[in-house]
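One structure below.
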Amino acid sequence: MNAWFARHFAWHGYTSRDEYRRWLSLIIPAEILLLAAIWLYGSRGTVHFSSTPLGLTFFVVGLAYLIGLFILTARRFRSAGISRGWLILTVLAIVIPIGPYYWNVSATAMLLAICAAAVTADVPENERIY
């Protein structure tokens, strides 16, 4: 189990496009649920968890998912030759009010990062410089 975890979720290393695409069957429904939660249960563009056992469970599971997605996407960006600095937009709590609505820039940045990671070709190993 530890070897599997280290292979997929360690900060160092590479993730090929095919390896990343295998995770899309989990990533896409989870992101849809996240956007639905923001839309239905959000307050000013963010979701606030209650301090009940159910709320804390949702928070812990969601946090574990987001950390895993962040690390997997960072490894994929490294393999694709994209700067991992772009991922900083996914962790900042940026919410912009637009009339009566709120635009969650962090959620939008994560969706764009997932799309970029899924479609960008790998940099050949002999050309990798990091």
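The values are calculated or read from the model by the stated rules, or taken from the named source; none is laboratory data. All values reported here derive from a predicted model rather than from experimental measurement. Note that each Cβ is placed from the backbone with ideal geometry, even for glycine, and that neighbours are counted across all protein chains shown. We work out accessible area using only protein heavy atoms, side chains counted, and drop any ligands, DNA or RNA first. Shrake-Rupley method; radii C 1.70, N 1.55, O 1.52, S 1.80 Å.
Leaving out ligands, DNA and RNA, and with a 1.4 Å probe, what % of the accessible surface on the chain is carbon or sulfur?
That share works out to 70 percent.
Which value, in debye to the nearest 20, describes the size of the charge dipole of region 55-130 about its Cα centre when Lys and Arg Cβ atoms bear +1, Asp and Glu Cβ atoms bear -1, and nothing else is charged?
The calculation lands at about 100 debye.
Order these peptides, 114-122, 70-78, by their mean beta-carbon neighbour count within 10 angstrom, highest first.
70-78, 114-122
Solvent-accessible area per residue for region 15-119 at a 1.4 Å probe radius, Å²?
62
Put a dot 7 Å past each Cα toward the Cβ at residue 32 and residue 17; how far apart are the dots in nm?
Result for the modelled spin labels: 2.4 nm.
Select from 15, 52, 92 the residue farthest towards the positive end of the dipole of region 15-119; place +1 on Cβ of Lys and Arg, -1 on Cβ of Asp and Glu, and compute about the Cα centre.
The listed residue farthest towards the positive side: 15.
Using the C-alpha atoms of the chain, what convex hull volume per residue, in cubic angstrom, is computed?
Residue-normalised Cα hull volume stands at 120 Å³.
What is the angle, in °, between the Cα long axis of helix 105-119 and the longest principal axis of the Cα atoms in the chain? Nearest 10 is fine, range 0 to 90.
Helix 105-119 sits roughly 30 degrees off the main axis of the chain.
How far is helix 53-80 tilted off the main Cα axis of the chain, in degrees rounded to 10, range 0 to 90?
Its long axis makes an angle of about 30 degrees.
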